[in-house]
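These notes concern the structure reproduced below.
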Amino acid sequence: MDTDTFFKRRLDRNPVLGIFRNLSPGQTVAMCERAWDFGVELVEVPVQSPDALPALRAALAAAKPRGKPIGAGTVTAVDQLAAVHDLGVEFTVAPGTHPDVIAESRRRGLPHLPGVATATEISTALAGGLTWLKAFPAAQLGPDWISAQLAPFPDIRFVATGGVDASNAARFLAAGCRGVAVGSALSDPDALPELRRALAKTER
């Protein structure tokens, strides 16, 4: 499945991408299950170091009977992308824009969500054939950055990532983001109703 279709299909159903970093395998599975119960379609387990691979494997095993896609995050090198693809991830995410990783993801048919924070990075990702991009770090960039970049790049679909929670998710979606990536908000029972209200305000 091509990248555009993959992300559009999942994030149009529920615009939340769950990110669960630096958790034990058991904690990761518990958070995945909480996210799935909330209706989240996409879950990312960052693999910035080999220590994170057991959590990724646990998430993949838990996702299989539910038919849910698991992605690997902080994928910044081709060999890293190859390793997680061999484990069975269905998408990858990066904090930045790495042309070699983008090219390899296309060769493998593996959807990839690169991080962008400048117009130049957006242009680089577009040149690589990608229109779904991770706006990172979203809290520092702000919702106004999203709307400003959509003026010259109207075909981009941003997923706001970094410092996004129940208190600001609605602002990023209202600014034009097609998705928001959250972590701790999915672990806080008090935050879930607020997050649900934020999503309801911006249903497409």
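Here are the numbers for the structure shown:
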item: Scope region 134-159; condition farther than 24 Å from residue 74 by Cα and part of a helix (DSSP H, G or I); matching residues; result: 144, 147, 148, 150
item: Failed item in (1) part of a loop (DSSP other than H, G, I, E, B); (2) surrounded by fewer than 17 Cβ atoms within 10 Å (Cβ to Cβ), with residue 164 passing the rest; result: (2)
item: Hey, residue 146 touching a Cys at 6+ places or on another chain (Cβ under 7 Å) and surrounded by fewer than 22 Cβ atoms within 10 Å (Cβ to Cβ) or not; result: yes
item: Of all residues in region 184-204 being among the small types (Gly, Ala, Ser) and open to solvent by 20 Å² or more (accessible area, probe 1.4 Å), the one that is farthest from residue 27 (Cα to Cα); result: 200
item: Subset of region 110-129 [open to solvent by 10 Å² or more (accessible area, probe 1.4 Å), in a loop (DSSP other than H, G, I, E, B) and under 15 Å from residue 99 (Cβ atoms)]; result: 118, 128, 129
item: Considering residues of region 80-95 that are assigned to a loop (DSSP other than H, G, I, E, B) and in contact (Cβ under 8 Å) with a residue 40 or more places away in the chain only, the residue farthest from the chain's Cα centre (by Cα); result: 90
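The values are calculated or read from the model by the stated rules, or taken from the named source; none is laboratory data. Given the structure is predicted, the values throughout are model-derived calculations rather than measurements. Counting neighbours? That spans all protein chains shown, and the Cβs are built from the backbone with ideal geometry, glycine included. Side chains included, ligands, DNA and RNA excluded: accessible areas come from the protein's heavy atoms. Shrake-Rupley method; radii C 1.70, N 1.55, O 1.52, S 1.80 Å.
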